[in-house]
Amino acid sequence: DAGVIQSPRHEVTEMGQEVTLRCKPISGHNSLFWYRQTMMRGLELLIYFNNNVPIDDSGMPEDRFSAKMPNASFSTLKIQPSEPRDSAVYFCASTDSTGEPRRDTIYFGEGSWLTVV
Amino acid sequence: GEDVEQSLFLSVREGDSSVINCTYTDSSSTYLYWYKQEPGAGLQLLTYIFSNMDMKQDQRLTVLLNKKDKHLSLRIADTQTGDSAIYFCAEVLILLSGTYKYIFGTGTRLKVLA
């Protein structure tokens with residue numbers, strides 16, 4: 001399996017522009033997570049989906065952020081309008097959360113490195 | 001709350017032991033994990049421990065679990081410069097819906113001095 005695939009790997013955009021980050025989870029996984037990593041706040045869970053349904057979006061910072069999962073193999077995280085403080089690495093991760101938790105655990109993509117200037 | 005707490009930074013000299021500590025929240029967590037993030041990369045599973053264990057050793061890595069205090073630690077023996085990375089502690093929470101989610105600490109940035 002190719003693992004969790006994220007795009008773009010790097011993006012630089014101007015303040016006020018819309019940013020769309022994409023994720024393809026591992027085939028067969030039914031849970032998908034979006035995390036944000038910054039130097040000051042570390043790794044934060046933004047939202048997660050189970051069977052394409054958002055379960056917990058309490059980590060989404062504000063209304064400028066939205067996430068969708070139209071099918072089991074694709075998810076997007078959108079920021080509109082973007083601001084400099086959104087600059088961070090955004091990770092997508094997936095896991096198979098059927099049954100009991102296992103040591104197999106959660107798999108991360110390589111991240112999308114966003115810079116808003 | 002669901003916070004998993006770690007200190008942000010740790011600096012050690014090459015050849016010394018490193019100990020990274022973590023406090024988690026849910027005593028019912030079945031597995032607890034340590035992830036490693038190298039510069040410019042995503043997180044990779046380093047090791048894990050099942051909740052009915054107190055200790056797990058894997059080559060230079062030793063994981064200690066104190067369930068009473070909800071404290072997890074990772075010891076790296078003979079720390080090398082290649083161990084410089086961010087180390088994340090994580091627990092898994094089982095929800096009423098039957099699904100579960102992973103909660104990560106903020107990560108500890110380990111710097112190994114030559």
Inter-chain Cβ neighbour average for residues B:98-111, partner chain, 10 Å: 5
Give the whole-number value, in cubic angstrom per residue, of the convex hull volume spanned by the C-alpha atoms of the protein assembly as shown. 124
Which peptide among A:5-11, A:18-24 comes first, and what is the full order, when sorted by highest mean count of other Cβ atoms within 10 Å? A:18-24, A:5-11
log10 of Debye I(q)/I(0), alpha-carbon scatterers only, for chain B at 0.10 Å⁻¹: -0.28
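Take peptide B:82-91, look around each residue's Cβ out to 10 angstrom, count Cβ atoms belonging to other protein chains, and average those counts.
Numbers: counts 0, 0, 0, 0, 3, 0, 3, 0, 3, 1.
The shielding value for this peptide is 1.
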Taking 20 °C and 1.002 mPa s as the conditions, I'd like the Stokes-Einstein D for chain A in µm²/s, using the Kirkwood hydrodynamic radius from alpha carbon pairs. 150
Run the numbers on chain B and let me know its relative contact order in percent, using alpha-carbon pairs under 8 Å that are six or more apart. 37
For the stretch B:68-85, take each phi angle, set θ = phi - 60°, evaluate the Karplus expression 6.51 cos²θ - 1.76 cosθ + 1.60, and give the result in whole Hz per residue in order, putting x for glycine and proline. 4, 9, 6, 10, 10, 9, 10, 10, 10, 7, 6, 4, 10, 4, x, 7, 4, 5
Any idea how far the Cα center of the stretch A:47-78 sits from the one of the stretch B:37-69, in Å? 29
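When only C-alpha pairs under 8 Å and at least 6 residues apart count, what is the relative contact order of chain A, in percent?
On the way: 287 pairs, mean separation 43.7, N = 117.
Dividing the mean separation by the residue count of chain A yields 37 percent.
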What residues from the stretch A:1-33 fall in the zone where the backbone N is under 16 Å from a label point 7 Å along the Cα-to-C-beta line of A:E83? A:14-19
Would you mind giving the total buried accessible surface between chains B and A, with a 1.4 Å probe and ligands, DNA and RNA left out, rounded to the nearest 100 Å²? 2300
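Take every residue in peptide B:4-10, count the Cβ atoms of other chains within 10 Å of its Cβ, and give the average of those counts. Before the final figure, lay out each step's value.
On the way: counts 2, 0, 1, 0, 3, 0, 0.
Shielding by partners across B:4-10 averages 1.
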Restrict the search to the stretch A:23-117; then list the GluC sites (Glu not before Pro) that DSSP places in a loop and that have at most 12 other Cβ atoms within 10 Å of their Cβ. A:E62
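With the other protein chains left in place, how much accessible area per residue, in square angstrom, belongs to chain A at a 1.4 angstrom probe?
Working: 5600 Å² over 117 residues.
Solvent-accessible surface per residue comes out at 48 Å².
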List the trypsin sites (Lys or Arg not before Pro) in the stretch A:40-117 that DSSP assigns to loop (not H, G, I, E or B) and whose Cβ has at most 12 other Cβ atoms within 10 Å. Which are they? A:R41, A:R103
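So, with a 1.4 angstrom probe, what is the percent of accessible area on chain B that is carbon and sulfur?
Within chain B, the accessible surface is 50 percent carbon and sulfur.
The values are calculated or read from the model by the stated rules, or taken from the named source; none is laboratory data. From a predicted model like this one, the values you see are computed outputs, not experimental measurements. Glycine also receives a Cβ, built like all others from the backbone with ideal geometry; neighbour counts cover every protein chain displayed. Quick note on the areas: whole protein, heavy atoms, side chains included, nothing else; ligands and nucleic acids left out. Shrake-Rupley method; radii C 1.70, N 1.55, O 1.52, S 1.80 Å.
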